[in-house]
1. Straight-line reach from Lys201: which lysines have a Cα under 19 Å away, not including same-chain ones fewer than 8 places off?
2. Mind listing the long-range amide H neighbours of Gly213? Cut-off is under 5 Å, sequence gap 5 or more, other chains count too, H placed in the peptide plane at 1.01 Å from N.
3. At what distance in angstrom do the alpha carbon centres of the stretch 347-425 and the stretch 193-267 lie from each other?
4. Starting from one equal scatterer on each C-alpha and no solvent at all, send me the Debye-based log10 I(q)/I(0) for the stretch 304-388 at q = 0.15, 0.16, 0.17, 0.26 Å⁻¹, two decimals.
5. Going 7 Å from the Cα of Lys132 along its beta-carbon direction, which residues of the stretch 312-353 have the amide nitrogen within less than 14 Å of the resulting point?
6. Calculate the spin-label point distance for Val423 paired with Glu248, positioning each point 7 Å from the Cα along the beta-carbon direction, and give it in nanometres.
7. Given charges of +1 on the Cβ of Lys and Arg and -1 on the Cβ of Asp and Glu, with all other atoms neutral, how large is the dipole of the stretch 267-403 about its Cα centre, in debye to the nearest 20?
8. With θ set to phi - 60° and the Karplus curve 6.51 cos²θ - 1.76 cosθ + 1.60, what are the ³J(HN,Hα) couplings of the stretch 394-406 in order, to the nearest whole Hz, using x for Gly and Pro?
Amino acid sequence: RLAQAPDRSLAALPLARPLARPRTHIVSAMSRTDARMTASAIVAAAAAGTLASVACTQQAFAGLAPRGVGAAPQLQAAAASVAGPAASVLTTSATAAVGLLAAGAAVASARSRTARRAVEVKRKGVRVVDGKEIPWNLFSPKAPYKGSTISKETITTQSRLVNWETTHVVMRHDENLPYLEGQSIGVIAPGPDKKGEVPAKIRLYSIASSAPGDDETYETVSLVVKRVVEVEGKGWCEYSNVELPDKEFPEATKVYRGVCSTHICDLKAGDEVLLTGPTGAEMLLPEDPTSNIIMLATGTGIAPFRSFLRHLFHDKGSAGKFKGLAWMFLGVPFSASLLYDEEWKKMKVEYPDQFRYDYAISDEMKNKEGKSMYVQHRVMEFTEDLWPMMKLTKTHVYMCGLKGMESGLQEAFGPLAEKDGLVWPEFVKQMKKDGRYHCEVY
């Protein structure tokens, strides 16, 4: 199990059946087989080398004697007398040399076969990241996994936004689709999509559960998905993809409903769902348990951070092992849009020295300038605590959600970096180089 593995290696994961056997065993078995093949090859090559070298030596020394009609018999006899003892000595040397070369070639060939096979095993459903194998695209769009829906719950309350609804969906994969915290999976809706394709094109979603799943059985995966709805006159709406008049918005001349998000938000217990993946290495947790983690999210961008936090503070197999500080900032438009708020409050009570949680509600809170409070403005209220943390080499910064967060981070920390003689873009560049800056924004 991943949570119980100190190196979080793939061998600890309940992989799909073809990959369930630990790779070290597979490679070891191949090594033993190839060793036996190598021994046989050496014997055969040595024998072949002996015969080849004798033949070559005899051929060479035979060439020293004059040949053809009229050759003097005494010259032929002299050549034969020289070739005799010399051939004996050189045959032994040539035999050893050729035999050794042949044996070496056999060993190299066997090793090459072992290496090729090992590479093939590593590439099947895994990817090497920072020297470790992680699950990767075990299922593809052409060959998805047929999972099933366990439950779906709407976790927001209605507001004046047309796309107010966000759901938490739990799906069963029966240990066939293992994943790490911070990865994503794909969902294939029946369609048709906006291009008329059936089934619809795959859509990727950040996973909102830790590796063991919400039930800690390693058999489930959870997503947090907003139902995409666009209505002309009530915000952005480029074109319509529903039959008008729309039941919910009968007066609208254009209504667009997200194909995949609608499919997911309409799922019922027992419904089949086509899954792909897992994929993604940008948002993985650091290996060092003493690392500090700063997280910035907007809306459903909270998904990977829920995955993180359940691993760090909730799951039986991993809670208590983390020794650093985790600080999360969440930005939403309304209080009714706060996601998993009760979970975060409970974690704050249980881990007051290791978990901090702050949010920005843009339509209900004001920043120091009297304008809407966005997540970067909330961060700016704590820069005196956050900036020293960010300069530590063990601190990682994660962002997931709207693209504006990146420029917001510069707005918050640019002046402090300049005060310390640093240039913010260069500081971020170095963080990325060190693997401490993780960003998935859109």
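What follows is calculated from the coordinates using simple rules that are stated; it is not laboratory data. Keep in mind it's a predicted model, so treat the numbers as computed, not measured. Heads up, the Cβs are rebuilt from the backbone with ideal geometry, glycines too, and the neighbour counts pull from every protein chain shown.
1. Lys142, Lys146, Lys226
2. Sorted by chain and number, the residues that satisfy this are Tyr218.
3. 30 Å
4. Those come out to -0.61, -0.68, -0.76, -1.28, one per q.
5. 312, 318, 322
6. The answer from the label model is 4.8 nm.
7. Values: 17 positive and 18 negative charges, 36 e Å.
Dipole of the stretch 267-403, to the nearest 20 debye: 180 debye.
8. Working through the residues one at a time gives 9, 9, 10, 10, 10, 10, 8, x, 5, 4, x, 5, 5 Hz.
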